[in-house]
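K.L.:
Submitted below is the structure of interest, expressed as structure tokens.
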Amino acid sequence: MGYIIENITVVTCDDDGIKILKNAVVETEDNIITYVGPKKEFPDINRKVRIDGTGKALIPGLVNAHTHIPMTLLRSYADDMDLHTWLFDHIFKIEDKLTDEDVYWGTQLGLMEMLAGGTTCFSDMYYYVDRIAEATAESGMRALLSRGLTNNEDKEDYGDDFRINEAVETFRKWNGEVNGRIRIAFAPHAIYTCAPKYIRAIRDTAEKFNAYIHVHLDETIKEHNDSLHQFGKTPARHLYDIGLFDLPTIAAHCVFVTEEDLDLMKEKNVSFVHNPGSNLKLGSGIAPVPEALKKGINVALGTDGASSNNNLNMWEEMNLAALIHKGARRDPLAVKAEEAFKMATVNGARALGFNNTGKIKEGFAADMVIINLSKPHYLPEHNLLSNLAYSAQASDVETVFVDGKILYDKGEYRTLDREKILYNVNKVCRRLFG
Ligand code: NI
């Protein structure tokens, strides 16, 4: 089983940059891309499903490198306030009431939203991860999932910590499942919600399982200054000294990281996840992305949860990433369209450790998105990459493939039950907020 997509404009992401192939053909077999190039004869063409790509572009699936997917349930619940008021006075109070069933339906809602916007892969941090994994497995999407771990108690031994134990259980059950589409990371939530020894215990547990780390880093000036006051060092230096960065790490936000912090991140290959929408909405600030790029750090993009954004639209993040640094520095070269596009695709795949995704390339997993270019905002097509970074809308996404399967096509979901999901989300919200 496979597809042959003909007459299409392919946006590849190769190590030597992005290339645009006009009038090209892409062939898949099972879950793998088996050919990318000019028109040619395919001996077994009748065995495959043929798709005419005239007037369309094929791009790698978008990677949302930092989100809290069930927070779709909290969308527009607490807006226009700073991170600490938002989190401690509003969000945590509702989250105390969430059941695993609520998390399951909130996840399904987020999966619908992400798929329709061309996101094929994401990195999540939340709880009831077992249900998030279940929903993700059913949807066919790809994800690096983690249980957010919080404990400010200073102890020598965290062997009885129910959160770490839950994370371990989830790792054992789900890591590498559904053809490797689901992997499990370990996630100390942030330095202000985890005692240093707790972070060390998480690090040691993750190391035993050869797992990735997902953490919030230096998101607000308060976190930054509290860290200087409490530990005498920046949040990044604090985590570096604990040894967290010895493991492959995804660090979300990084708004206040210093020049020296960036050197530490580069030294340890930490991926920097830029969340421009969330950082702007919570009034946190603007992360030093141009400096991170200059140092050769892998910068990916994320939406953060739908309660601090307020959507899971990676096109908006790409657009913001390409614009806000230019304005803030009065430098139109601060982040170029191509850089923003790579952050949303190949850099995200690399950050999450899905190393056979993020590119339209032979041998890679077929995580790909067809974009309908027959719309006014794509004409004229002087520069397709500019059009994708500056003009594209999530609604231009026509077809979404993950691991060689079509999960979304022209408004229809192949694996998710739209009516059932909307019904259950409304039911859950009536109970939580009614
Ligand atoms: Ni977050």
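K.L.:
Indicate the gyration tensor shape class of region 331-399 (rounded, prolate or oblate), computed on the Cα atoms with a ≥ b ≥ c the square roots of the eigenvalues: a/c under 1.5 is rounded; otherwise a/b larger than b/c is prolate and the rest oblate.
P.N.:
oblate
K.L.:
Would you mind checking LYS173/LYS410; LYS208/LYS326; LYS93/LYS268; LYS208/LYS266; LYS361/LYS410 for any pair whose Cα atoms are more than 31 angstrom apart?
P.N.:
Beyond 31 Å: LYS173/LYS410; LYS208/LYS326; LYS93/LYS268.
K.L.:
Classify region 1-45 from the C-alpha gyration tensor, please: rounded if a/c falls under 1.5, else prolate or oblate depending on whether a/b exceeds b/c.
P.N.:
Oblate is the answer for region 1-45, as a/c is 1.5 or above yet b/c matches or exceeds a/b.
K.L.:
Of the accessible area of the chain, with the probe set at 1.4 angstrom, what percent is carbon plus sulfur?
P.N.:
Of all accessible area on the chain, carbon and sulfur atoms account for 49 percent.
K.L.:
Restricting the count to DSSP beta bridges whose residues both fall in the chain, what percent are antiparallel, rounded to a multiple of 5?
P.N.:
45
K.L.:
Still on this structure: By Kyte-Doolittle mean hydropathy of at least -1.0 and Cα axial length of at least 20 Å, which whole DSSP H helices of the chain are selected?
P.N.:
Those that clear 20 Å and a mean of -1.0 are 100-116, 314-329, 418-433.
K.L.:
About the Cα centre of region 131-239, how large is the charge dipole given +1 on each Lys and Arg Cβ and -1 on each Asp and Glu Cβ? Please answer in debye to the nearest 20.
P.N.:
In total the dipole reaches around 360 debye.
K.L.:
Oh, and also: Lysine pairs in region 1-55 8 or more apart or on different chains: how many have alpha carbons under 16 angstrom apart?
P.N.:
Summing the qualifying lysine pairs gives 4.
K.L.:
If you don't mind, there's one more thing I want to ask. So what's the convex hull volume per residue for the Cα atoms of region 177-270, in Å³?
P.N.:
Expressed per residue, the convex hull around the Cα atoms of region 177-270 is 94 Å³.
K.L.:
Excluding ligands, DNA and RNA, what is the solvent-accessible area per residue of the chain at a probe of 1.4 Å, expressed in Å²?
P.N.:
Using a 1.4 Å probe on heavy atoms only, each residue of the chain averages 39 Å².
K.L.:
As an exercise, find the ratio Rg/Rh for the chain from alpha-carbon atoms, using the Kirkwood inverse-distance average for Rh.
P.N.:
Radius of gyration relative to Kirkwood radius: 0.96.
K.L.:
May I pose another question? Apply the a/c threshold of 1.5 to the C-alpha gyration tensor of region 187-333 and tell me whether it is rounded, prolate or oblate.
P.N.:
prolate
K.L.:
What does the accessible area of MET318 come to, in Å² to the nearest 10, when a probe of 1.4 Å is used?
P.N.:
It works out to around 0 Å².
K.L.:
Starting from the Cα gyration tensor of region 41-176, multiply each eigenvalue by 5, take the square root, and state the resulting semi-axes largest first in whole Å.
P.N.:
Whole-Å semi-axes of the equivalent ellipsoid: 36, 20, 13.
K.L.:
A further question on this structure: If you scale each eigenvalue of the Cα gyration tensor by 5 and take the root, what three semi-axes come out for region 249-322, rounded to whole angstrom and sorted largest first?
P.N.:
Taking √(5λ) for each eigenvalue gives 21, 11, 10 Å, largest first.
K.L.:
With charges only on Cβ, +1 for K and R and -1 for D and E, what is the dipole size of region 360-417 about its Cα centre, in debye, rounded to 20?
P.N.:
For this selection, approximately 100 debye.
K.L.:
Take each of the peptides 191-197, 45-51, average the number of other beta-carbon atoms within 10 Å over its residues, and list them starting from the highest.
P.N.:
Descending packing order for the listed peptides: 191-197, 45-51.
The values are calculated or read from the model by the stated rules, or taken from the named source; none is laboratory data. These figures come from a predicted structure and were not determined experimentally. Neighbour counts are summed over all protein chains in view; Cβ atoms, including those assigned to glycine, are modelled from backbone coordinates with ideal geometry. We work out accessible area using only protein heavy atoms, side chains counted, and drop any ligands, DNA or RNA first. Shrake-Rupley method; radii C 1.70, N 1.55, O 1.52, S 1.80 Å.
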